[in-house]
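The values are calculated or read from the model by the stated rules, or taken from the named source; none is laboratory data. Since the structure is predicted, the reported quantities are computational estimates derived from the model, not experimental observations. As a convention, Cβ positions derive from the backbone with ideal geometry for all residues, glycine included, and neighbour counts pool all protein chains shown. Surface accessibility is based on the protein's heavy atoms, side chains included, excluding ligands, DNA and RNA. Shrake-Rupley method; radii C 1.70, N 1.55, O 1.52, S 1.80 Å.
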Amino acid sequence: MNRPRRRPHWSRRIGHVLLVLAATAFLTIFLALPLAVVFVEAFRQGLRAYLSAIGQHEALMAIRLTLLVAAISVPLNVVFGVAAAWAMARFEFRGKALLGAFIDLPFSVSPVISGLVYVLLFGAQGWFGRWLELHDVKIIFAIPGLVLATIFITLPFVARELIPLMQSQGSDEEEAARVLGAGGWQMFFRVTLPNIRWALLYGVLLCNARAMGEFGAVSVVSGHIRGLTTTMPLEVEMLYNEYNYVGAFAVATLLALLALATLSIKALLEWRYGDEIAAHAPGGH
Amino acid sequence: MRRRILPGFGLSLGYALTYLGLIVLLPLVALAWKASGIGVGGMLHLLSSPRTLAALKLSFGGAILAAIINVCFGLLVAWVLVRYRFPGRRLFDALVDLPFALPTAVAGIALTALYAPNGWLGHWLKHYGIQIAYAPPGVILAMVFVGFPFVVRTLQPVLESLDRDVEEAAESLGASHAQTFFRVILPMLVPTLLTGFALALARAVGEYGSVIFIAGNIPMRSEIAPLLIVEKLEEFDYAGAAALGTVMLIASFALLILIAVLQRWSGRWAEQLQ
C-alpha cells in the first residue's frame, strides 16, 4: 500500500507551467489591461489632442483643487495618526480596543456614506445647515466639504501603519532618553520620529494616493460645480458623461501615473526599509 | 509604573479622541439620528419598496459572488506567486496592488472601455452573446477588481509560512499532488480564505466609483444600493438616504466584527501550524 508513487518529472513540470500561465494570464487580462486601456484611449487622437485635453482650464483647475485638498487633509491625518499611535502603543487604558476599531471604521464604510454624513450635518436641511446659511458659510458643495470627506476616508492610513510598528519597537529607547533628561518634545523629535520615519512615509504615501483619487465621498459633497468643486476624479466623471472620452482618459492618465508612482515608491520602501516598516496587516489599504 | 516616565498621554489621547469624535463619530450620530426620524414604519416602507430591495440584493448578492470569485482566483495567484519562480514574478506581484492604488473612477471608465459592447473585449464577447457592461455581470466584474488584492495579500504570508514537511509526508505516503492540495493544504487555509473572503466582501458591498460607470445603472436591474443613496440625496430625500445609509452601515459593522473574529481565528491557526 505504501508503495511510493513518483510521478514522472515532466508531468509535474507541465502542471507548474500551466498554473503559472493561468495566474499570469488572469493578472494580465484583469489588472494590466485596464491600465493599458487608459493610456491607449487617452492617446487615441494623438499627442496634440491629449495635451490640449490636459491643458483645458477645467482640467487645470481640477488638478489644483486635488492638490489643495490633499495638502490640507494629509497633514491633518498625519498629526492624528502620530497622536493616536503614541497613545495606543505607549499606554494602557480602558477602551483601547474600541478606539482601534473606530480608527479602522472609515475603511469599512461605503464612500457614499462618508459623504452623506456631512451632507446630513452641514447640508441645507442638515443639523447646522440653518446656522451656516445665516452666517454665510458654505461647507457642502464647497471646498471645506471636499476636505472633510477626504479626511474621513483617509483617516486610518497613517495610524494603521504606525500603531503595530511602535508596539513592536517598544519604549526602551524613549524611556532611556527621558531618564537621561530629555524633554518630551526633545524625546519625540530625536528618538521617536527617527524610529518611525519610514513607516510614516509609507503611511503618508498611501494616504495621499487615496486622498487624490477618492471619488465616491467627494462626489456626494461636491455638487459638481465645474472649475470650482470638481477634483480630478470628478472631472474624469464629468468629461466621460459628456462623451468627451479623450478628455476623460487624459485626466485619468494623470491619476494612473499617480497610482504607478505610489506603487513604485511603496515597493522601493518595502524592499529597502522592510524591517523598519514592520509587518503589515493584510488588506489594509 | 512605567506610564509616568513617558509624557504626552493626555495630550495624544485627548487629541486623537477629539479628532475622531468630530470627524467620524459626530457625523455617524447625525446619520443615525436622521434615519430614526422616519420611524420604524417609514424604514420598513422604504426597505420594502421593490427598487430598494433590488438594489440591496444586487449590492449584497453581487458582492458575495465577487468575493467567491476572488477567493478562487486569489488562491491561484497567491499560490503561484509564493511557490513558483518565473520571469516577471516581482512585476506581477506588484501589479496585485493596482486596485488599491488606482482611483476608482479611473478603474470604472477603464473597465467600461474594455467590456462595453463596442469595447476591446466587449465587442468580441458580443459575438458569443455575452453582455457584461450595463448589466449585472459588469457590476460583479468591477467588484471582483476592487476586492482582488485583499484575498491575495491575506493569503501570501500564510502560504509562505506553511510547513512543507506536511506536504512531503502526504506525498511520501502516496498522495497525489491533487490529493495533497485538496486534503492537506486547503483545509489548513480555510480560516485565511474566509478572512480574505470577508475583506473582499466588505469592500465590494460599499463600492461606488468603479461600479457606476460599467453598471449602466438601470433601476431594478443594475442599480447598486450606494447609487440609490446618491439618487435619494439628489431628490433631497435626506431621510430616505439616511435610512438606506444606516442599513448599509449596520451591514458594514456586522462584517467588521466578523472579520475581527476570523482574523483572530486565522492568527491562532497560523501559530498552531508553525
Within the stretch A:91-135, which helices (runs of 4 or more DSSP H) (wholly inside it) include 1 or more residues that are free of Cβ contacts under 8 Å to residues at least 12 places away in the same chain and crowded, with 20+ Cβ neighbours inside 10 Å? A:96-108, A:111-122
Scan (1) surrounded by fewer than 24 Cβ atoms within 10 Å (Cβ to Cβ); (2) more than 14 Å from the chain's Cα centre (by Cα); (3) more than 8 Å from chain B (Cβ to nearest Cβ) for the single condition residue A:79 breaks and write down its number. (3)
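Looking at the stretch B:158-210, which of the residues that are basic (Lys, Arg) and more than 25 Å from residue B:66 (Cβ to Cβ) is least open to solvent (accessible area, probe 1.4 Å)?
Narrowing the stretch B:158-210 to residues basic (Lys, Arg): B:164, B:183, B:203.
Those left that are additionally more than 25 Å from residue B:66 (Cβ to Cβ): B:164, B:183.
Numbers: B:164: 121, B:183: 180 Å².
This residue is B:164.
Of the residues that sit in the stretch B:87-113 and are of a type in the set (Gly, Ala, Ser) and more than 7 Å from every other protein chain (Cβ to nearest Cβ), which one is nearest to residue A:255 (Cα to Cα)?
B:108
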Name the pairs: first residue in the stretch B:117-141 and within 14 Å of chain A (Cβ to nearest Cβ), second residue open to solvent by 80 Å² or more (accessible area, probe 1.4 Å) and of a type in the set (D, E, K, R), Cβ to Cβ under 9 Å, at least 6 apart or on different chains? B:118/B:126
So how many residues does the stretch B:211-227 have that are open to solvent by less than 10 Å² (accessible area, probe 1.4 Å) and of a type outside the set (D, E, K, R)? 7
Take the residues in the stretch A:218-250 that are touching a residue at least 12 places away in the same chain (Cβ under 8 Å) and either outside the structural domain of residue A:110 (by TED's automatic domain parsing) or of a type in the set (D, E, K, R) (or both); name whichever of them is surrounded by the most Cβ atoms within 10 Å (Cβ to Cβ). A:235
Flagged pairs (Cβ under 6 angstrom, 6 or more apart or on separate chains; first in the stretch A:146-160, more than 17 Å from residue A:225 (Cα to Cα) and in contact (Cβ under 8 Å) with a residue 12 or more places away in the chain; second of a type in the set (Phe, Trp, Tyr) and open to solvent by 10 Å² or more (accessible area, probe 1.4 Å)) are A:156/A:107
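Kindly state which helices (runs of 4 or more DSSP H) lie completely within the stretch B:32-121 and contain at least 2 residues that are open to solvent by 30 Å² or more (accessible area, probe 1.4 Å).
B:39-47, B:50-83, B:89-95
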Just checking, does the stretch A:208-217 include any residue being over 24 Å from residue A:118 (Cβ atoms) and surrounded by 24 or more Cβ atoms within 10 Å (Cβ to Cβ)? no
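Run down B:203, B:264, B:183, B:268 and say which single residue is under 18 Å from the mean Cα position of the chain (by Cα), among the basic types (Lys, Arg) and farther than 16 Å from residue B:54 by Cα. I'd like the intermediate steps shown before the answer.
Numbers: B:264 fails: under 18 Å from the mean Cα position of the chain (by Cα); B:183 fails: under 18 Å from the mean Cα position of the chain (by Cα); B:268 fails: under 18 Å from the mean Cα position of the chain (by Cα).
None of the others qualify; the one that does is B:203.
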Do we have any residue at all in the stretch B:246-255 that's surrounded by fewer than 20 Cβ atoms within 10 Å (Cβ to Cβ) and within 28 Å of residue B:110 (Cα to Cα)? yes
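Where residues in the stretch B:122-143 are hydrophobic (A, V, I, L, M, F, W, C) and open to solvent by 20 Å² or more (accessible area, probe 1.4 Å), which of them is nearest to residue A:261 (Cα to Cα)?
Our first condition is that a residue be hydrophobic (A, V, I, L, M, F, W, C); within the stretch B:122-143, this holds for B:124-125, B:130, B:132-133, B:135, B:139-143.
Still in the running and open to solvent by 20 Å² or more (accessible area, probe 1.4 Å): B:124-125, B:130, B:132, B:140-141.
On the way: B:124: 33, B:125: 33, B:130: 36, B:132: 31, B:140: 28, B:141: 25 Å.
In this case the residue turns out to be B:141.
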Options A:21, A:47; residue that is modelled with pLDDT of 95 or more, more than 7 Å from every other protein chain (Cβ to nearest Cβ) and within 15 Å of residue A:245 (Cα to Cα): A:47
With (1) surrounded by 23 or more Cβ atoms within 10 Å (Cβ to Cβ); (2) more than 8 Å from every other protein chain (Cβ to nearest Cβ) as the list, and residue A:65 as the residue in question, which single condition is left unmet? (1)
Only one of (1) open to solvent by 80 Å² or more (accessible area, probe 1.4 Å); (2) farther than 15 Å from residue A:235 by Cα; (3) under 26 Å from the mean Cα position of the chain (by Cα) fails for residue A:44. Which number is that? (3)
